[in-house]
1. Let a ≥ b ≥ c be the square roots of the eigenvalues of the Cα gyration tensor of the stretch 586-628; is it rounded (a/c under 1.5), or, if not, prolate (a/b larger than b/c) or oblate?
2. Quick one: what are the phi-derived ³J(HN,Hα) couplings along the stretch 236-253, Karplus 6.51/-1.76/1.60 with θ = phi - 60°, whole Hz, x for glycine and proline?
3. Over all directions, the average projected area of the alpha-carbon convex hull for the stretch 505-579 comes to how many nm²?
4. Sorted from fewest to most neighbouring beta carbons within 10 Å, what does the list 185, 347 look like?
5. In whole Hz, what ³J(HN,Hα) sequence does the stretch 104-111 give by Karplus (6.51, -1.76, 1.60; θ = phi - 60°), x for Gly and Pro?
6. Would you pull out the residues with amide H under 5 Å of residue 257's amide H, same chain only if 5 or more places away, H placed 1.01 Å from N?
7. For residue 476, what charge total do you get from the other residues with a beta carbon under 10 Å from its beta carbon, if Lys and Arg give +1 and Asp and Glu give -1?
8. Could you line up 276, 125, 354 from fewest to most neighbouring Cβ atoms inside 10 Å?
Amino acid sequence: MRRTPDDAEPGHHTKRLEMEKSRLEAMIRKLGEGIVLVDETHRIAFANPRFADMLGVPFESLANHPTLDTLLPRDQWPSALRDVAQPSDDPQPEERQLTRVDGSTFWVSITATAFRVPGQESVGTLCMFTDVNGRKHREEYLDLLIDIFNRSAGPEFFTDVTRKLARAFGVSISFITECLGDTRSVRTIAFWQNGAPQKNRVYDLKDTACEAVVGRSPVYYGSLVQQLFPKDRELEAAGIESYVGVPLTDSRGTSLGHFALMDTQPFPNRTALLDTLEMIGTRIASEIERNQTEAQLRHQNERLREEIKARQRAVSTANYYRDEITSSYDVHTMIGESPAFRKVLDSIRLVSGTDVTVLVTGETGTGKELVARAIHEASPRAGKPLIKVNCAALPQELIEDELFGHEKGAFTHAQGQRKGRFELADQGTLFLDEIGELSLAAQAKLLRVLQEKEFERVGGSKSIKVDVRLIAATNRDLAAMVREGGFRDDLFYRLEVFPLHIPPLRERMEDIEPLAHFFLRRFARSLGKEFTGIDETSLHMLRNASWPGNIRELENLVHRSAILSPGPSLQIAVPIREAPEKASTLDAVVRNHIVSVLNRVDWQVEGSDGGASILGMNPSTLRSKIKKLGISRPGH
């Protein structure tokens with residue numbers, strides 16, 4: 001149909017629509033749907049109050065006939081209005097999420113149809129807005145529930161849930177927490193704010209909106225939450241207006257934590273909101289409980305693995321290192337009352353509480369192994385292994401393998417990996433007996449371990465770190481070996497941090513009788529015999545012997561005599577080497593003893609390492625005895 005000039009005048013159709021408006025108003029005002037009539041220029045010719053309510057604008061503002069695009073973005077219009085073609089006479093409802101002027105959103109179903117004046121062409125479009133917000137939210141909640149309940153477990157589970165919650169409910173903050181030991185403080189395990197994950201944090205619940213949630217019941221503060229919790233600075237800093245929180249409990253009802261939503265705008269009063277969040281809470285709680293159970297199982301498995309390793313290490317040590325010190329007596333049963341031996345005991349007590357390297361010196365049979373065990377058992381490492389290496393008993397070509405172990409294939413017969421004694425002594429003590437027998441090459445490798453606390457197995461390239469306390473022992477004069485080039489000076493100084501000299505038995509004659517009685521009691525029990533003591537003749541023989549084999553010789557002698565003696569008094573029935581005749585008098589014994597000590601200390605009288613200190617007398621007393629006994633230094 002061709003338009004007349006009159007029809008083409010601007011606003012012509014608006015005038016016609018005005019004529020029909022009065023007829024429709026009475027009916028339209030009673031409808032619960034929003035109704036709007038727009039002309040061909042998209043100017044609002046008529047709208048009912050419900051339409052204004054939906055858009056959040058005053059109804060009076062529509063009296064000026066604004067264009068629709070001042071209230072709604074074009075991409076939210078129904079297709080009939082956005083289409084160039086004429087509106088359909090058979091319209092289909094369309095669902096749109098509209099944005100109010102305040103920025104909030106809501107869902108409607110829009111039906112748009114052509115509006116005609118009788119006998120005329122279409123002069124506008126009549127749109128009916130039906131509120132489907134409640135249904136859409138229920139559908140969204142259901143989709144959210146399905147999504148979260150179907151979400152596979154994993155490291156990103158909690159972050160993903162907070163993201164979905166923030167988007168589904170249109171809030172600025174969503175977070176999940178777990179309790180720290182009690183219900184007074186929590187730490188977040190996922191925190192989503194302003195469209196991005198945030199760093200987790202720990203906070204106290206006191207005086208916060210969360211305090212009423214954890215371990216209690218859901219809370220809903222639709223608005224004014226800052227006024228309710230004025231001491232909660234986090235609410236103020238983020239400009240929070242509304243808060244909803246849901247507690248999380250495990251299958252036994254124990255509080256696990258909570259999750260919450262917060263926003264800078266008031267929350268709508270949605271009936272289904274808390275019900276939906278509580279259902280989501282069961283899924284979150286089950287995931288926290290699962291994680292905690294897995295962590296407990298991992299911890300238990302780790303402890304079990306450590307126990308198995310410890311048992312394997314103990315078995316390996318017992319089977320392979322049968323030469324580990326197994327003395328049946330320790331520092332508490334070390335026998336001796338002589339001043340020289342009391343000084344040894346005092347030194348053991350002083351050094352055992354430290355981790356310093358100890359160099360034990362003394363003649364063969366003086367009890368250097370016993371001293372090493374006494375130091376270990378009185379130290380903080382007492383519960384850890386004490387591993388012994390007799391450097392004199394191993395071929396030089398095997399020393400490195402024994403100390404550091406080897407990798408599979410390191411040499412022809414290396415069928416598997418084997419730990420060395422340094423590695424087996426980790427956290428414990430390594431006792432290197434007869435260290436003076438080490439080759440210079442082995443000394444260099446030992447020095448590196450002492451300096452760097454690490455080594456490589458033979459045939460390996462991986463550095464292995466160890467924490468080992470080292471005790472070394474020798475019956476040789478290492479200082480003299482250093483001067484002669486047989487021992488590295490740098491290793492010597494590393495070993496001699498705390499030198500501890502064990503006097504020979506001939507320098508502690510007062511200890512012979514108590515030691516003999518101690519050995520007799522021990523062997524009597526093992527032999528099933530009873531002895532009343534040691535007869536006087538035998539005691540006289542013991543006191544006058546030279547004891548070149550020291551305590552070990554005395555122990556063996558008492559053992560043999562206990563086997564041979566009928567009792568009840570022990571009789572020494574085997575030959576015994578007496579001291580040389582020239583030392584038969586008391587003065588000769590004292591003179592020889594003083595000379596022996598002075599030779600050992602390079603004739604130094606005073607000082608902590610001087611002869612007077614070792615002999616347990618004042619320097620002036622020692623000088624008097626030297627003069628009285630006619631003692632002089634050879635070559636002087």
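None of the figures in this text is laboratory data; all of them are computed from the coordinates on show. Quick caveat: nothing in here was measured; it's all calculated off a predicted structure. Counting neighbours? That spans all protein chains shown, and the Cβs are built from the backbone with ideal geometry, glycine included.
1. oblate
2. 5, 5, 8, x, 6, 10, 9, 8, 9, x, 10, x, 10, 10, 8, 5, 9, x
3. 4.3
4. 185, 347
5. 6, 10, 7, 9, 9, 10, 10, 10
6. Long-range HN contacts for residue 257: 179, 215, 248.
7. Taking every other residue near residue 476 into account, the sum is -3.
8. Ordered from fewest to most neighbouring Cβ atoms within 10 Å, 276, 125, 354 come out as 354, 276, 125.
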